[in-house]
Amino acid sequence: MKKVNVMLSGILMFMSVGVFAQNTTDKLPATAQEFISQHFSSATIKEVQENSSWQIWEDEKYEVRFANGIEVDFDKNGNVLEIDGHKNVTIPVAALPSEIVSYLQSNYPDAKVVSWDKQDKGQEVELMDGTELEFDQDGSFLKID
C-alpha cells in the first residue's frame, strides 16, 4: 500500500509541474495584458494558467479564466487564439477581429457570440443559437458549418 501511495504522489507531483496557476495577469505578455484590459476590464479574473512547454497543448501557452465563465487562450507572444463563453455566456463582439465584427453586424446584427477560435487554416465563430460560421485567416466569410 505504501508503494501505491508513493507512486500516486509522484504521478500527481509530475502532472502539476507543467501548469502554473495564478489570478493576476502579471506574468502574461504585454499583448495579452492589453487585450484583457481593452475587452475584459470589468470581468473578474478567476485564474491564469501558464502551460509549460513540455506539455502538448498545440500553441496555447496561457489560459485566462474569468469568474463569468469566459476563457481566453493566448500563444507565447500574447496573441489571442480562442475566446470561449462556457455555459452560453456571450463574449464581447468587439474582442473579435474587425473583419468578423463587420460581417456579424451586417448579417447577424442581433446574434450573440459564444465562442471564437483561430485555427491553422481559418477562424470559427459560434453563435448562441448553435450556428457556426467559418472564416479564412483574413476574416473573410467562407461558409456556415
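Some observations on this one:
- The one condition in (1) modelled with pLDDT of 95 or more; (2) over 23 Å from ALA32 (Cβ atoms) that GLY130 fails to fulfil: (1)
- Whichever residue in segment 122-132 is in a strand (DSSP E or B) and in contact with a helix residue (DSSP H, G or I) (Cβ under 8 Å, 6 or more places away or on another chain) and, among such residues, is nearest to GLY85 (Cα to Cα): VAL125
- Going through (1) on the phi > 0 side of the Ramachandran plot; (2) modelled with pLDDT of 95 or more one by one, GLU71 falls short only on (1).
- Subset of segment 102-121 that is surrounded by 16 or more Cβ atoms within 10 Å (Cβ to Cβ) and not in a strand (DSSP E or B) - its residue that is modelled with the lowest pLDDT: ALA111
The values are calculated or read from the model by the stated rules, or taken from the named source; none is laboratory data. In this text, all values refer to a predicted model and were calculated from it rather than measured experimentally. Cβ coordinates were reconstructed from backbone atoms using ideal geometry, including for glycine residues, and neighbour counts include every protein chain displayed.
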